[in-house]
Every structure is written in structure tokens, then in C-alpha cells.
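Asks: Just passing along the structure, written as C-alpha cells.
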There are 2 protein chains.
Amino acid sequence: MKTDTLFKRAFNDALLLTSRLRDGDPIPSETTLAAELGVSRTTVRKILQTLTEQGVVAGAGRSRFARASAGEVQPFPEAETVPTSVQVEKQFMEWMLRGDAKAGALINELDLARQFKVATTVIREFLNSFQRFGLIERRPSGGWVLQGFTHSFALELFEIREMFELRSAREFSSLPGTSPLWHELRRLRQEHIELLSEIETRFQDFSDLDSRFHRLVNTAVPNRFIDGFFDIITLIFHYHYQWNKKDERERNEVAIREHLAYIDALLSRSRSAVATACRRHLASARQTLIRSTSDTGSVA
Amino acid sequence: MKTDTLFKRAFNDALLLTSRLRDGDPIPSETTLAAELGVSRTTVRKILQTLTEQGVVAGAGRSRFARASAGEVQPFPEAETVPTSVQVEKQFMEWMLRGDAKAGALINELDLARQFKVATTVIREFLNSFQRFGLIERRPSGGWVLQGFTHSFALELFEIREMFELRSAREFSSLPGTSPLWHELRRLRQEHIELLSEIETRFQDFSDLDSRFHRLVNTAVPNRFIDGFFDIITLIFHYHYQWNKKDERERNEVAIREHLAYIDALLSRSRSAVATACRRHLASARQTLIRSTSDTGSVA
DNA sequence: CTCGTGTTTCTTATGTACAAAAAACTTCTA
DNA sequence: TAGAAGTTTTTTGTACATAAGAAACACGAG
């Protein structure tokens, strides 16, 4: 049976919306709600029905209104609002990075399915779409081999990353002055400065900023293959940030300063300055990543 | 139910093997056969059993021997020996390139399943693994959008291809003189010359040679992401060669000459010469490909 | 006529079943 | 006792069923 994580997430979102209404306020139309919650009307109607059963919403058809008098309505637990695909990915990355599996090991679908408490179909679909990240490989005879988050994986990743990023940075610095991306860049620069000034407390916000910055650089002249590769970078860094907490504040502070130098180089539109700043930043990012790989596939 | 295309292909291969034996010759051991046919012993036993039923093989257990006296045994039809995944890929590429579907169109799994005469599971699995080629894209809400073999697809493809190939060519020309790859390269050079001399009749053999040559260049310093990208190139060219027969002989002749110049540049180990020859070849390959794209997704 | 809800139809996601093929284990024989 | 065949156990590929969610259609009120 298809999971209803979508409904549950949307329901929780809807609860937040209604909590802002006062008693007797009219409920927006189904179409409006659908747009606001980012789901279809079918799901909205299910939410409305549930909300009515719980007494948060009264009325029917075209005349529905909020009922603030109703007691506390429990939202669905956070865990039940996460799409299966995301849960599986998370569990898989954890399984791999925690060192439960060594590079070269065979992946057993049924095993994983049991371990992750999902049907084999889900694992199979996951492995298929996860293949593109280069961490696993299909065997000709069927089945999968774990490649793992190894030293060579990180090296190969960064070789491509440098190629792509240098290309995009070059394109970016050649953008006409009228391009709206310059404004975006200045705004990001400002965000970097702000983050730097509050680095002691907000250093964990860097992960997101990092991703947005590099994504912006790649927007100059889009290329679907570069975009696709970027997804790999994003995935790796996402989990890397979660698991490697060592010297996190220091690392992020260094990276922010490198970003600023890189941004200034872009703004100066000097090709050589851009290349230098870009290379410097990537070299240090690579160092960081490589330190947390190992050839047994586990986080050192 | 799982298909038995593997069995059928192996059975046909086994028929060929036994046809070379004379009456009364002993049949190799199951393990040997398994290795020769590239399948498991389980499949070999099934083949042996069938072969015995048909009278081509007599005896049992450790004493089996060929029976040339048996009448003609019909091999399974070619079509039944092709793995489902390959069939689906072929049909899908045809569907897309023939222009049955326009770029931006939604892909309907059930529809395709009916059209290709397979279960929806197969289509779903195919789409999932096919995503990496960049010709289709998953919608956030589920379902797939056809991106199609468009002009911009070809341009983006070649932008990356040039980056990768230049990088690999550079690495190749820096290989130590002792590397066995130089010998491989010289052998390929010879093959090119031979093909050129018989171009009138053998021009269709170029497709394979092309792929082998570029793959060799990329072998210098392997990178899994470049290898993965190469699969895309291979897929595109495979189908391109099949469908675009216009000026095929001329195009291939030009390409062979370009390859030879490129190979000679590599052998000369001059960086600038390599870059020039490589760029020239890629530029003409791009031209060829772009001419057969169109923004409606069909072959012009 | 337009926007909104009620209703129906289509499509996709996920669980389950079962045969093909691989792999592991056991037994036999030269 | 090593290698070969026999047997059993695992694992994967494919089909099919069903519920969630999206989309299309229908109808009514203002």
C-alpha cells in the first residue's frame, strides 16, 4: 500500500495554518489550500475531512470556518511525514558511512529491506536511482556491489568538481553586468559576512549557504550534466556535514573566508583571480572531505 | 515470472559448442561449461537436460557425450534471447527518436508498458535507471517528463565531452613510455588504417572502433564519473549510428582521418598538438550529432 | 460565465507471490 | 582427496493487486 506521508505532512502544515485563524474565520477554498500546501485537491479534501472530525474546522461545502475552541489537536509525528525514499536514503547512507559494510561487499536487497523495514521493491528502486551517485555499482550478473565512500571516490569526485566549477566560474565572470545574477551574488556575499560575524553560534548554517553559493555559480550557463553532478556533491556534503563534526566551526570559518575571496574575485571579473580563488577553496574542501574517507568505507 | 532469456541465449551458445563435437565426444564438465557460457551451473544443468531430451547429448552424470546423429535441433529464436532490459531500452529509444513523443511530454508508465508489452514494473525500473542519461526527468510529484534528444541536449553533452576528453588526452600523452597503453594505441592506429583502406565496404565497423578508441583514451587515468558519462556518449552514438544513415560512409571516413591525426598527436606527446587534434575531431562529431537533433525531439 | 465543491477516472507507489538463476552445501567417484 | 555431479538455499526479476494521490469531469451558486 502506498504510504500517506504526503497527507500527514500536509495535514501538519494545515494545522499550522488554521492555528493562525481566529474562531469563526472562513477557511480558504480547496483550490487555494491545495496551492498553499503544495498538494492536490484530493489530499486537501482528506485533510479538511479529518480537521472537521477533530473539530478544528466546522461547516461543510462552501461554508467552512475555523473552530478555535477545539482542544489541542495532535499533529502526526515528524517521522511519519518523511517520504519513504528520503528515509531509505538516510538509512542507507548511515549504514554505509557507519562502516557496517566494507567497500566491495555485495548488497543484499532482502537484507536491507528487512533492516530498513520496507518492501524489497522500495530497496530495489532506491538502489537503481542511487546508482548515479557512484557509491554502488550493478554487477553484470545482477545484484549490487558497494563501492563505498573511499579515498579514491573523493579524489575522483573532486577532479570533476574542479573541472566543472572552474568552467562555471569562468562563465560567471563573463556574464554581462546587467545579469541579475550579480545582484544575487552580492546578496550571498552579504549573507556570508553576516554568518561570519555570528560564526560562534550559527556555524551550522554554513552547509546550506555553501550549497546555495556553488549552485548559483553553476547557474551562469546551465548544463544538465553539471547540474546532475551537483546533486552528487550535495548528497555527499549533506551527509558529511552531519557526520563529521570534528573542528566543524573552524572548518566552516575557513570556508566562509575562502568563499568571500572567491566572490570578490568573481566581482572583480579577473579571470586569473577567479581561477586562483576557486582552486584554493576547492583544494581545502577536498582536504576536509578526504580526511573523513577511508578505504574500508567507514568514517574515520 | 522472471524471463528465461538467459537460458535461451546460453542454450543457443551451447548448441554451437556441441555442433563442433563429433559423435561420441565427451561433454566438458558442468563447471567448465558454466565458465565458457558465462552462466551459473544451475543454468548449465538445465541446458544439459534440454539437450539430452533433444537427443544432442546422451548419457548422464559424469558420462555424457555428443550425439551427432541427432537431427537438426532448432535454436531459440534470436528475439527470445535478448534480455528484457535491452529490449525495453531499444523500444524506448525508438519511441523517443522516432518522434512519437515531444520534448516536455509526460511519460505514462502504463501506456508504455502496454505498448512495449511488458509489466509496469519493468518500465518503472527502466525509467529509473535511464534517468542518468538526461533524456528524461522525474517530476517532484511523481511521474516522468520527457526531455528528449534536443539541440540543447547535444550541446550540453558535447560541452562536457570536450572537457573530459581534453583532460584524458592530456593525461594520456603524459603517460610514461613504458605504459602498455601506448602499444594498445598503436594497435588501434593500425586498425584505423586498415578500416580506411576498406572503407567502401566496411564503413559500418567504425562505430565500434570509435567507441574503443575514446574508451582507451579515457583509460589513462580512470575516473568513475567520466566512465559513467562515457556510457551516455556510447548510448547516444549507438542509436545515432543506427538511425542516421545519411552520408554515413563519408562521415565515417572523415572521422577516421581525424582519429588518425589525433592518435599521431598523442604519439608525438605534444600537448598543443593533442589539444588541437582532439578539439577538431570533437567539433566535427558535434556537428554531425547536432544536425540530427531537433527541438521537437524527433530525428530530422 | 466563473469559481467552488462534488464525483469519477487515471496514474503511481508499495506490498506480496513466484519462477529463474546464482550460490552454497553435500555426496560421490576416480 | 580433488574435482565432479547432485541437492538445497538464497537472491533476484517479473507479474499482479491495491491504496494514495493527481487530474479530469460535472454540476451548482452567485
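Asks: Can you go through A:ARG269, A:ARG249, A:ARG280 and tell me which one is farther than 22 Å from A:PHE206 by Cα, surrounded by 14 or more Cβ atoms within 10 Å (Cβ to Cβ) and among the basic types (Lys, Arg)?
Replies: A:ARG269
Asks: Continuing with this model, one more query. Just one of B:PHE65, B:PHE7 is more than 30 Å from B:GLY142 (Cβ to Cβ) and either within 27 Å of the chain's Cα centre (by Cα) or acidic (Asp, Glu) (or both); which is it?
Replies: B:PHE7
Asks: Return the pair list, or none, for Cβ contacts closer than 9 Å from residues in the stretch B:54-73 that are at positive phi and more than 14 Å from chain A (Cβ to nearest Cβ) to residues that are open to solvent by 60 Å² or more (accessible area, probe 1.4 Å) and within 14 Å of DNA strand C (Cβ to nearest atom), at least 6 apart or on different chains.
Replies: B:GLY59/B:PRO26
Asks: Assuming A:ALA103 fulfils every condition listed in (1) in contact with a Leu (Cβ under 7 Å, 6 or more places away or on another chain); (2) open to solvent by less than 30 Å² (accessible area, probe 1.4 Å) apart from one, which condition is it?
Replies: It fails just one condition, (2).
Asks: Run A:LEU112 past the list (1) within 12 Å of DNA strand D (Cβ to nearest atom); (2) within 14 Å of another protein chain (Cβ to nearest Cβ) and report the number of the one that doesn't hold.
Replies: (2)
Asks: Being within 13 Å of DNA strand C (Cβ to nearest atom) and among the hydroxyl-bearing types (Ser, Thr, Tyr) is the filter; apply it to the stretch B:28-55 and report the residue that is nearest to A:GLY142 (Cα to Cα).
Replies: If we take residues in the stretch B:28-55 being within 13 Å of DNA strand C (Cβ to nearest atom) and among the hydroxyl-bearing types (Ser, Thr, Tyr), then B:SER40 is nearest to A:GLY142 (Cα to Cα).
Rundown of residues vs (1) within 13 Å of DNA strand C (Cβ to nearest atom); (2) within 10 Å of chain B (Cβ to nearest Cβ), yes/no style:
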{"position": "A:THR84", "(1), (2)": "yes, no"}
{"position": "A:ALA103", "(1), (2)": "no, no"}
{"position": "A:LEU106", "(1), (2)": "yes, no"}
{"position": "A:ASN128", "(1), (2)": "yes, yes"}
{"position": "A:GLY134", "(1), (2)": "no, yes"}
{"position": "A:GLY142", "(1), (2)": "yes, yes"}
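Asks: Between A:LEU17, A:LEU21, A:LEU6, A:LEU51, which is within 16 Å of DNA strand D (Cβ to nearest atom), surrounded by 14 or more Cβ atoms within 10 Å (Cβ to Cβ) and free of Cβ contacts under 8 Å to residues at least 60 places away in the same chain?
Replies: A:LEU51
Asks: Failed condition for A:THR120, given (1) of a type in the set (S, T, N, Q); (2) in contact (Cβ under 8 Å) with a residue 60 or more places away in the chain; (3) within 11 Å of DNA strand C (Cβ to nearest atom), with all others met?
Replies: Result: A:THR120 fails condition (2) only.
Asks: Let me ask something else. Only one of these conditions is not met by B:GLU94: (1) of a type in the set (D, E, K, R); (2) near DNA strand C (Cβ under 9 Å from one of its atoms); (3) closer than 14 Å to B:LEU146 by Cβ. Which number is it?
Replies: With respect to (1) of a type in the set (D, E, K, R); (2) near DNA strand C (Cβ under 9 Å from one of its atoms); (3) closer than 14 Å to B:LEU146 by Cβ, B:GLU94 is out only on (2).
Asks: From the set of residues in the stretch A:56-65 that are within 11 Å of DNA strand C (Cβ to nearest atom) and part of a loop (DSSP other than H, G, I, E, B), which is most open to solvent (accessible area, probe 1.4 Å)?
Replies: Ranking the candidates gives A:ARG62 first.
Asks: Okay, next question. For A:ALA68, only one of the following conditions fails: (1) surrounded by 12 or more Cβ atoms within 10 Å (Cβ to Cβ); (2) among the small types (Gly, Ala, Ser); (3) assigned to a helix (DSSP H, G or I). What is its number?
Replies: With respect to (1) surrounded by 12 or more Cβ atoms within 10 Å (Cβ to Cβ); (2) among the small types (Gly, Ala, Ser); (3) assigned to a helix (DSSP H, G or I), A:ALA68 is out only on (3).
The values are calculated or read from the model by the stated rules, or taken from the named source; none is laboratory data. Computed from a predicted structure; not experimentally measured. Because the Cβ atoms are built from the backbone with ideal geometry, glycine has one as well, and the counts that use them run over all protein chains shown. Side chains included, ligands, DNA and RNA excluded: accessible areas come from the protein's heavy atoms. Shrake-Rupley method; radii C 1.70, N 1.55, O 1.52, S 1.80 Å.
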